[in-house]
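Chemist: Before I ask anything, let me first share the structure, which is written out below as C-alpha cells.
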Amino acid sequence: MNITDRFLNYTRINTTTNRGKGAAGIMPSSDGQMELAQLLAQELETLGMQDIVLRETAILTATLPSNIPVELLPNDTTIPTVAFFAHLDTSAEQTNDTHAQIVHYHGGDICLNHDLNIILKESDHPELSNYVGDDILVTDGTCLLGADDKAAIAAIMHTLQELKANPDILHGTVKVAFLPDEEQGLRGAKAFDVESFGADFGYTLDCCGIGEFVHENWNAGNAVVTFTGQSAHPMSAKGKLKNSLLMAHQFISMLPAGEAPQYTEGREGYYWVKEMAGNSAKTVLKLDIRDFTQQGYRDRMVFLQNLADSCATLWGESAISIQLDDRYENVANSLEGEARFPIDIAKEAYTRNNIEMKAIPMRGGYDGAVLSQKGLPCPNLFTGAHNFHSIYEYLPVKSLQAASSVVTEIIKITCERHIQ
C-alpha cells in the first residue's frame, strides 16, 4: 500500500475526541479511536511485528525486532531502542466525518467546496506557494483533514512496511505506540507505561510543515481559584453582600498586564484566564500558566499563590482558596547534556533527506512532553501538514513521504552509530 492510500484509509474512520467522555475519565473517549487502533493492530500483525498489545484504553504498542547480526556488534554492544509515537484522535473543533480529496496544485487559490463556496486562499496561506506542482491532500471544507495526527500514523506504518520489504536495511529494535485522546490534555501519554515499554528514546510526529522540529515547549500548569462570598437580597445588602464575582474580577485585574496569550509570542510566557463560572455567592476561576524556563514557571506559580494569600488577608481566609497543579514540563529539560543525542540524530536524518531543520519552540503541549517527563526523551518531528484543527488543513504528499523518510533515517543512524 502506498503512503497516500494508507493515510486516506485512516481518515475514513472518525476519531474525533469526545470532551464530555474524556472529562468523565473514559478512555478512549470515542469509539472511532478503538476502531482505528484495531485496524492498526491487524496491519502490524500483517507486517510481522511482534509484541502487539492493544489495551482497552486503545493504547496500542508493537515491536520490530533487531535484524543486526551478532558479529557486527563489538563487545556485546547493544543498539538503543528507538520508539515512534502518534495519536489516534482528532480535534473536536470539527466533528464531521473527513472527506479528503487530492488536488494537483497549480498555484493560486484552491476551491474546496463549489456548492458552499469554501476556498483555501493563497493570500491567507502564502506557504502554499512552496507546493506549486505538487499533489496536496485537502478537505471538502466541512471537516478536518485529520493529518493531526493520522499523517504521523501513516508515516510510521509506511516506514515499518519499507523496513520489512527491505531486510538489507540494518536496524536495531524499533518500538511504535499509538495513543488516544492527545487532543484533550495528553491523556493517552499520561496513562502510558514508559518503563514496561522498554524504549531508550523516542520521537512523536505531531508537528506541522516539512522541516519543523520541536525540542522545547512549555512548562505548563493550571490554577483553580475559588471565591466564596456572602449572598444577600439587594434591598438590604449594604454591609452584608460580599460578591464573589467581583472578587474574581479584582483578582484578574491584579494579574500582570500584557502577560496573556493574545499579547505574547515566541518564548514569552503567560497567564490565561480560561474559564469563570459562578454567582455572587461562589465563583470558580480557572487559569493556565505557561513559561519556557523552569525558573520562570516557578515564579509564576509562586506569584499566584502570593496573590491569593494577599487577597485572603484583605477578604478573610474563607473568601478565597487556590489549587495549583503541574501539567507537563518542557521537553528541553530532558534533552540536556549527554541526553541531547536524539536531537543530533534527528538533525542528521533531516540533512540526509536534504531538509532544512527549522527548530521551533512549541507554544503548546504534545505527548512527547509527558513521555519525556516520565524518563523517555522524546522530541517532536514534522508530519508535513498545515493548519491543524481547521477546515483548511492540508497535507502535501511529498511532505508526508519526507516524514516517513526521516523516520527511516533515524532508525538507520541509530544503528550505524553502534555497529562496526
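The values are calculated or read from the model by the stated rules, or taken from the named source; none is laboratory data. The model shown is predicted, which means the values in this text are computed figures rather than measured ones. Using ideal geometry, Cβ is built from the backbone for each residue, glycine included, and neighbour counts are taken over all protein chains shown. Calculation scope for accessible area: heavy atoms of the full protein, side chains included, ligands and nucleic acids excluded. Shrake-Rupley method; radii C 1.70, N 1.55, O 1.52, S 1.80 Å.
Chemist: The range 177-304: D in µm²/s via Stokes-Einstein (Kirkwood Rh, Cα pairs, 4 °C, 1.567 mPa s)?
Modeler: Using the Kirkwood radius from Cα pairs, D works out to 72 µm²/s.
Chemist: In the full protein assembly as shown, how much of residue 284 is accessible to a 1.4 Å probe, in Å² to the nearest 10?
Modeler: Rounded to the nearest 10, the figure is 40 Å².
Chemist: Next question, about the same structure. Skipping prolines and chain starts, which residues have an amide H placed within reach, meaning under 5 Å, of the one on residue 87, given they are 5 or more residues away or on another chain?
Modeler: Under 5 Å from the amide H of residue 87 lie the amide H atoms of 179, each far enough along the sequence or on another chain.
Chemist: Something else about it: State the percentage of accessible surface on the range 328-420 attributable to carbon and sulfur atoms; use a 1.4 Å probe and exclude ligands, DNA and RNA.
Modeler: Here carbon and sulfur together make up 46 percent of the probe-accessible area.
Chemist: Once phi is turned into θ = phi - 60°, what whole-Hz ³J(HN,Hα) does the Karplus curve with 6.51, -1.76 and 1.60 give for every residue of the range 381-398, x standing for Gly and Pro?
Modeler: These are the phi-based 3J(HN,Hα) values: 9, 6, 9, x, 8, 10, 6, 3, 6, 9, 5, 9, 4, 8, 9, x, 4, 5 Hz.
Chemist: What angle, in degrees between 0 and 90 and rounded to the nearest 10, separates the Cα long axis of helix 244-253 from the longest principal axis of the Cα atoms of the chain?
Modeler: For 244-253 against the chain, the angle is about 60 degrees.
Chemist: Work out, step by step, the length gained on full extension between residue 123 and residue 196: first 0.36 nm times the residue separation, then minus their alpha carbon distance; give nm to one decimal.
Modeler: 21.4 nm
Chemist: Report the normalised scattering of the chain as log10 I(q)/I(0) at q = 0.06, 0.10, 0.11, 0.13 Å⁻¹, calculated by the Debye formula with identical scatterers on the alpha carbons.
Modeler: These q points yield log10 I(q)/I(0) values of -0.29, -0.75, -0.87, -1.13.
Chemist: If you line up the long axis of helix 147-165 against the longest principal axis of the chain, both from Cα atoms, how many degrees apart are they, to the nearest 10?
Modeler: 20 degrees
Chemist: Which whole-Hz ³J(HN,Hα) couplings does the range 211-223 yield from phi under the Karplus relation 6.51 cos²θ - 1.76 cosθ + 1.60, θ = phi - 60°, glycine and proline marked x?
Modeler: For the range 211-223, the Karplus-derived couplings read x, 5, 8, 10, 10, 8, 8, 5, 8, 10, x, 9, 10 Hz, x marking Gly and Pro.
Chemist: In whole Hz and in residue order, list the ³J(HN,Hα) couplings for the range 362-376 that follow from phi through the Karplus curve 6.51 cos²θ - 1.76 cosθ + 1.60, θ = phi - 60°; x for Gly and Pro.
Modeler: 7, 8, x, x, 8, 3, x, 5, 5, 5, 5, 5, 7, x, 10
Chemist: Can you list residues from other chains, or at least 5 along the same chain, whose modelled amide H is less than 5 Å from the amide H of residue 327?
Modeler: Counting only residues 5 or more places away or on other chains, the set is 220, 221, 222.
Chemist: Does anyone have the angle between helix 341-352 and the longest principal axis of the chain? Alpha-carbon axes, 0 to 90°, nearest 10?
Modeler: 50 degrees
Chemist: Would you work out what percent of the accessible area of the range 1-115, with all protein chains in place, is carbon or sulfur (probe 1.4 Å)?
Modeler: 45 percent
Chemist: Would you calculate a helix-derived [θ] at 222 nm for the chain, using -39,500 (n - 2.57) for each DSSP H run of n ≥ 4 and dividing by the full residue count, to the nearest 500?
Modeler: Rounded to the nearest 500, it is -9500 deg cm²/dmol.
Chemist: I want to verify the translational diffusion coefficient of the range 248-355 in µm²/s; compute it with Stokes-Einstein, Rh as the Kirkwood radius over Cα pairs, at 20 °C and 1.002 mPa s.
Modeler: Diffusion coefficient, whole number: 128 µm²/s.
Chemist: Still on this structure, I have one more. Translational diffusion coefficient, Stokes-Einstein: compute it for the range 340-420 using the Kirkwood radius over C-alpha pairs as Rh, at 20 °C and 1.002 mPa s, and state it as an integer in µm² s⁻¹.
Modeler: In µm²/s, the coefficient is 151.
Chemist: Give me the one-decimal nm value for the distance between modelled label points at residue 326 and residue 106, 7 Å along each residue's Cα-to-Cβ direction.
Modeler: For the pair residue 326/residue 106, the computed spacing is 5.7 nm.
Chemist: What does the accessible area of residue 348 come to, in Å² to the nearest 10, when a probe of 1.4 Å is used?
Modeler: Near enough 60 Å² of accessible area.
Chemist: With only Lys, Arg, Asp and Glu charged, each at its Cβ (+1 for the first two, -1 for the last two), find how big the charge dipole of the chain is about the Cα centre; round to the nearest 20 debye.
Modeler: Around 1460 debye, computed over the chain.
Chemist: OK, next. Show the residues, 5+ positions off or on another chain, whose built amide H is closer than 5 Å to the amide H of residue 12.
Modeler: none
Chemist: Using a 1.4 angstrom probe, figure out how much accessible area the range 112-202 has per residue, in square angstrom, rounded to the nearest whole.
Modeler: Ligands and nucleic acids excluded, the figure is 36 Å² per residue.
Chemist: Could you work out how far the C-alpha centroid of the range 124-152 sits from that of the range 169-212, in angstrom?
Modeler: 23 Å
Chemist: Then there is this: Let me make sure I get this right: for the range 99-235, a, b and c are the square roots of the gyration tensor eigenvalues over alpha carbons, sorted descending. Under 1.5 in a/c it's rounded, otherwise prolate if a/b > b/c, else oblate. Which is it?
Modeler: The shape class here is oblate.
Chemist: Now a separate question. Counting alpha carbon pairs within less than 8 Å and at least 6 residues apart, what relative contact order, in whole percent, applies to the range 114-245?
Modeler: Reported relative contact order: 12 percent.
Chemist: I've got another one for you. Which residues in the range 284-328 have a backbone N closer than 17 Å to a point placed 7 Å from the Cα of residue 274 along the Cα-to-Cβ line?
Modeler: 284-292, 297-298, 300-302, 304-305, 322-328
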